[in-house]
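Reading through the structure tokens given below for one structure.
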Amino acid sequence: MSRLKTKYEQEILPQLSEKFGIDNAMRLPRLRKIVVNRGIGKALENKKRIQAATEELALITGQKPVPTRAKKSVANFHLREGNAIGCKVTLRGVRMYEFLDRLISVVLPRVRDFRGVSSTAFDGRGNFSMGLTDQLVFPELRIDDVEFLQGMNICITTSNSDDEKSLFLLSQFGFPFRKK
């Protein structure tokens, strides 16, 4: 079992129950999924970018990415409906907790000039989104193997619809939120 999953079950659940006065264990907030998304803007010019982004995302997450395709044709961007313009991975279960553990303990401290993550990045429904400017902060990637620098978006989805409960949940996991 993952380190964060055992911490959630043994330490965080009792704290959540006590702080918010929730007796029913099924109503306590929990992580549902983490979606890692990479949009490749120059994918239409160079097909190698999609392939490289897919391979890197597979190394980072440990799961094969799904290509994302354009829904509409846009003439000004030379974009046609159905063109591959990115890739994404949805993590659940053990892989989700292991990715979150690596994100909190290894990746975020490696970000240059890191002062914490904004606590206002919640969407009003308890979900947290953040972005990384490049993929080199992940230790799975070697600098020599990376040809194109490309960022990614990470969305953490929780089971509740309250930002305050989600903020408390993520801070108990050790998420480094910026001090106000």
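The single condition among (1) within 24 Å of residue 29 (Cβ to Cβ); (2) exposed (fewer than 12 other Cβ atoms within 10 Å of the Cβ); (3) in contact with a strand residue (DSSP E or B) (Cβ under 6 Å, 6 or more places away or on another chain); (4) not hydroxyl-bearing (Ser, Thr, Tyr) that residue 82 does not satisfy is (1).
Residue 172 meets each of the listed conditions (1) modelled with pLDDT of 90 or more; (2) in contact with an Asp or Glu (Cβ under 7 Å, 6 or more places away or on another chain) apart from (2). Restricting attention to segment 1-27, the residues that are over 16 Å from residue 158 (Cα atoms), within 20 Å of the chain's Cα centre (by Cα) and assigned to a helix (DSSP H, G or I) add up to 2. Filtering segment 99-122 to residues that are touching a helix residue (DSSP H, G or I) at 6+ places or on another chain (Cβ under 8 Å) and in a loop (DSSP other than H, G, I, E, B) leaves 111, 114, 119.
Counting just the residues of segment 28-68 that are charged (D, E, K, R) and surrounded by 14 or more Cβ atoms within 10 Å (Cβ to Cβ), which one comes out farthest from the chain's Cα centre (by Cα)? My answer is 49.
For segment 122-142, residues that are over 17 Å from residue 156 (Cβ atoms) and basic (Lys, Arg) total 1.
The values are calculated or read from the model by the stated rules, or taken from the named source; none is laboratory data. Source: prediction; values computed, not measured. Neighbour counts run over all protein chains shown; Cβ positions are idealised from the backbone, glycine included.
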